[in-house]
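This report refers to the structure that appears directly beneath it.
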Amino acid sequence: MVSASAPGKAILLGEHAVVYGQPAIAVPVNQVRATARVVPERRGSGLTVDARDIGRRVPFDAASPDDPLGAAVRHTLAHLNRPAPDVTIVVSSTIPIASGLGSGAAVSTAIVRALARFLGVELDPAAVSRLVYEVEKLHHGTPSGIDNTVIAYEQPVYFVRDRLLETFHPGAPFRLLVADSGAPSHTREVVAAVRAGWQADPQHFEHLFTQVGQRVEAARAALDAGDVPALGPLMDQNHALLVQMGVSSPPLERLVEAARRAGAAGAKLSGAGRGGNIIALVDAHSAAPVQAALLAAGARQVLHTLGGV
Ligand code: MEV
């Protein structure tokens, strides 16, 4: 039996603006992962994807073209120029669905890697990322590509759509709490809503995107210099710009406010928004009180993750 796994992700700064060509920074969240195991079956039984967690069993032959589980298999086999082997791919994930943590991209990444490995090929992160991007289009319509990139590379990435991909090592580790509002974040719909806003008032939205890009560049410089405290105000400013884009919501605002009041150096929604997660920048002292405040303010789950280690 062969298996592979992939982490969740959090956008540190730059979501939405990244769809319009601004830079963004994302980090892997290793505390939650998707896993795919390839189990050989008897001859002639075909390939089945068994996603037990979500109660789905998808025979590859019968998968509809827009089924993401089937598409991850299809793109991998086409890339390797191989027929479907007789196997069951058992998928499981601890990444909450529709939470902004990249569960779809992580499941696809695990499937692509595990199936290629079963067929004797170790795909490099660039190839995995390209294949997963094709699947992401089914989930999201017009993805920037940052989710599949950070998940396939499993390192902090500085990303400009279609132009630049840099993995980098921050000069000092930083500690994030990732708090789930429990409300779903439907990336496709929220990205479409931002697009409608941009079409209605391009000047205003371009201005917001540019300002986000400036915060991202400043954050990259701060991270390179190991100046973690400088990151906090930049996250706060990025959140304010996301509020102006219309992608926050009362539960997200409650969590962001609670984190700041309890001592976080900065806090913002992360991912597409309207629901999903917020991230809060903490240190060894503020982590516990901020976590307690987030839970008291309604967070379903709080993950601790260290970036740049
Ligand atoms: C979703 O994780 C990030 C968005 O910027 C969409 C994208 O980049 O494709 C909202």
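Each row is one residue, and each column tells you yes or no for (1) within 14 Å of the ligand (Cβ to nearest atom); (2) open to solvent by 20 Å² or more (accessible area, probe 1.4 Å); (3) without any contact (Cβ under 8 Å) to a residue 60 or more places away in the chain; (4) not in a helix (DSSP H, G or I).
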site: ASP236; (1), (2), (3), (4): no, yes, yes, no
site: GLU257; (1), (2), (3), (4): no, yes, yes, no
site: ALA267; (1), (2), (3), (4): no, no, yes, yes
site: ALA272; (1), (2), (3), (4): yes, no, no, yes
May I ask you to list the residues in segment 17-54 that are out of contact with any strand residue (DSSP E or B) (no Cβ under 9 Å at 6 or more places or on another chain) and either under 20 Å from ILE151 (Cα atoms) or touching a residue at least 60 places away in the same chain (Cβ under 8 Å) (or both)? VAL19, TYR20
Among the residues of segment 57-64, are any within 30 Å of PRO156 (Cβ to Cβ) and either touching a helix residue (DSSP H, G or I) at 6+ places or on another chain (Cβ under 6 Å) or assigned to a helix (DSSP H, G or I) (or both)? no
Within segment 204-218, does at least one residue satisfy the condition of being closer than 30 Å to ILE97 by Cβ, without any contact (Cβ under 8 Å) to a residue 24 or more places away in the chain and outside the structural domain of ILE146 (by TED's automatic domain parsing)? no
Scanning segment 252-274 for residues that are over 19 Å from PHE174 (Cα atoms) and over 20 Å from the mean Cα position of the chain (by Cα) gives GLU253, ARG254, GLU257, ALA258, ARG261
With the condition kept exactly as written, say whether any residue in segment 142-162 is outside any loop (DSSP other than H, G, I, E, B) and over 28 Å from HIS304 (Cα atoms). no
Looking only at segment 57-98, which residues are open to solvent by 40 Å² or more (accessible area, probe 1.4 Å), farther than 22 Å from SER185 by Cα, in contact with a Ser or Thr (Cβ under 7 Å, 6 or more places away or on another chain) and in contact (Cβ under 8 Å) with a residue 40 or more places away in the chain? ASP86
When segment 41-76 is examined, which residues are found to be under 12 Å from LEU115 (Cα atoms) and in contact with a Pro (Cβ under 7 Å, 6 or more places away or on another chain)? LEU47, THR48
Given the conditions (1) touching a Ser or Thr at 6+ places or on another chain (Cβ under 9 Å); (2) in a helix (DSSP H, G or I); (3) over 30 Å from ILE279 (Cα atoms), which single one is not true for LEU123? (2)
Exactly one of GLY104, GLY141 is within 13 Å of the ligand (Cβ to nearest atom), without any contact (Cβ under 8 Å) to a residue 60 or more places away in the chain and buried (at least 24 other Cβ atoms within 10 Å of the Cβ), and that residue is GLY104
Quick one: which of VAL112, VAL58, VAL27 is β-branched (Val, Ile, Thr) and within 16 Å of the ligand (Cβ to nearest atom)? VAL27
Residue match in segment 164-171 (condition: touching a residue at least 60 places away in the same chain (Cβ under 8 Å) and within 21 Å of ALA110 (Cα to Cα)): no
Selection within segment 107-120 - more than 25 Å from HIS140 (Cβ to Cβ) and open to solvent by 30 Å² or more (accessible area, probe 1.4 Å): ARG117, PHE118, GLY120
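The values are calculated or read from the model by the stated rules, or taken from the named source; none is laboratory data. Note that the coordinates shown come from a computational prediction; the quantities given were computed from them, not determined experimentally. Please note: Cβ atoms are built from the backbone with ideal geometry, for glycine as well, and neighbour counts cover all protein chains shown. With ligands, DNA and RNA removed, areas are computed over all heavy atoms of the protein, side chains included. Shrake-Rupley method; radii C 1.70, N 1.55, O 1.52, S 1.80 Å.
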